[in-house]
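> Dropping a structure here in structure tokens format, bear with me for questions.
No lab work stands behind these numbers, since they all come straight from the coordinates. What you are looking at is a predicted structure, and each value in this text was computed from that prediction instead of being measured. When we count neighbours, we look across all protein chains shown, and the Cβ atoms used for this are built from the backbone with ideal geometry, even at glycine.
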Amino acid sequence: MWICLSDSFLSIVDKGDPSGQTLLVRARSRGDIEKEFPSAQVIEGSGTDYAFRARISRKHVAERMAEAVQGIGYANFKSSVSDRRLHNAYARVWGEMAGLQDEV
């Protein structure tokens with residue numbers, strides 16, 4: 001699952017935990033995971049498509065994402081993104097997704 005937040009971009013997957021109790025939260029930018037999960041033990045490394053990752057309990061991820069939804073206070077998501085690089089990346093994704101919209 002890709003999560004586009006006003007100040008960070010996360011990719012969350014179920015990868016490599018036989019118990020199913022944790023999710024792998026990944027980010028491309030340093031600090032993005034910590035913005036949402038301040039106590040996370042982030043591993044930094046190369047050789048993967050996401051340079052930053054942390055195992056976080058499935059329950060904690062779900063609770064934090066629910067809090068993020070409850071905290072939405074903007075009328076336009078793209079306008080809520082102050083980091084120019086992140087804004088521009090989201091605008092490109094928006095444009096690609098707009099191309100998938102069905103005619104009505």
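> At R0 = 30 Å, how high is the FRET efficiency between Ala68 and Glu103 if r is their beta carbon distance? Nearest 0.05 is fine.
0.40
> Neighbouring Cβ atoms within 10 Å as the yardstick, rank Ile43, Ile56, Ile3 fewest first. Provide the component values of the computation, followed by the final result.
On the way: Ile43 14, Ile56 20, Ile3 17.
Fewest to most other Cβ atoms nearby, the residues stand as Ile43, Ile3, Ile56.
> Less than 20 Å from a label point 7 Å out along the Cα-to-Cβ axis of Glu96: which backbone N atoms in region 1-41 qualify, by residue?
Within reach of a label on Glu96, which here means backbone N under 20 Å from a point 7 Å along Cα→Cβ, region 1-41 contributes 1-14, 26-30.
> Further, regarding this structure: Show which lysines lie in cross-link reach of Lys78 when reach means a straight Cα distance below 26 angstrom and same-chain residues fewer than eight apart are skipped.
Within reach: Lys35.
> Picking from Ser80, Phe52, Leu100, whose Cα lies most toward the positive end of the charge dipole for the chain (charges on Cβ: Lys, Arg +1; Asp, Glu -1)?
Phe52
> Calculate for the chain the 222 nm mean residue ellipticity that helices alone would give, adding -39,500 (n - 2.57) per DSSP H run of length 4 or more and normalising by residue count, nearest 500 deg cm²/dmol.
Counting only the DSSP helices, I get -9500 deg cm²/dmol.
> What percent does the relative contact order of the chain come to when contacts are Cα pairs within less than 8 Å and at least six residues apart?
22 percent
> Working out 0.36 nm times the residue gap between Asp83 and Ile43, then minus their Cα-Cα distance, what length gain in nm do you get to one decimal?
So the chain would gain 12.0 nm between Asp83 and Ile43.
> Here are a few candidate values for Rg and Dmax of the Cα atoms in Å: [x] 17.0, 53; [y] 14.9, 46; [z] 14.9, 54. Which one was actually calculated from the structure I just gave you?
The value matching this structure is [y].
> May I ask you to order 7-15, 82-90 by the average number of other C-beta atoms within 10 Å around their residues, highest value first?
So the order, starting with the most tightly packed, is 7-15, 82-90.
> With θ taken as phi - 60° and the coefficients 6.51, -1.76 and 1.60, list the Karplus ³J(HN,Hα) couplings across region 72-78 in order, rounded to whole Hz; mark glycine and proline as x.
4, x, 10, 8, 9, 4, 4
> To continue, here is another question. Calculate one ³J(HN,Hα) per residue across region 55-65 by plugging θ = phi - 60° into the Karplus curve 6.51 cos²θ - 1.76 cosθ + 1.60, and present them in order as whole Hz with x for glycine and proline.
Residue by residue, region 55-65 yields 8, 9, 4, 3, 4, 5, 4, 4, 5, 5, 5 Hz.
> Just to check I understand the Karplus step: with θ = phi - 60° and J = 6.51 cos²θ - 1.76 cosθ + 1.60, what whole-Hz values come out for region 81-96, glycine and proline as x?
Whole-Hz 3J(HN,Hα) from phi for region 81-96: 9, 8, 6, 4, 4, 5, 4, 5, 5, 5, 5, 5, 4, 4, x, 5.
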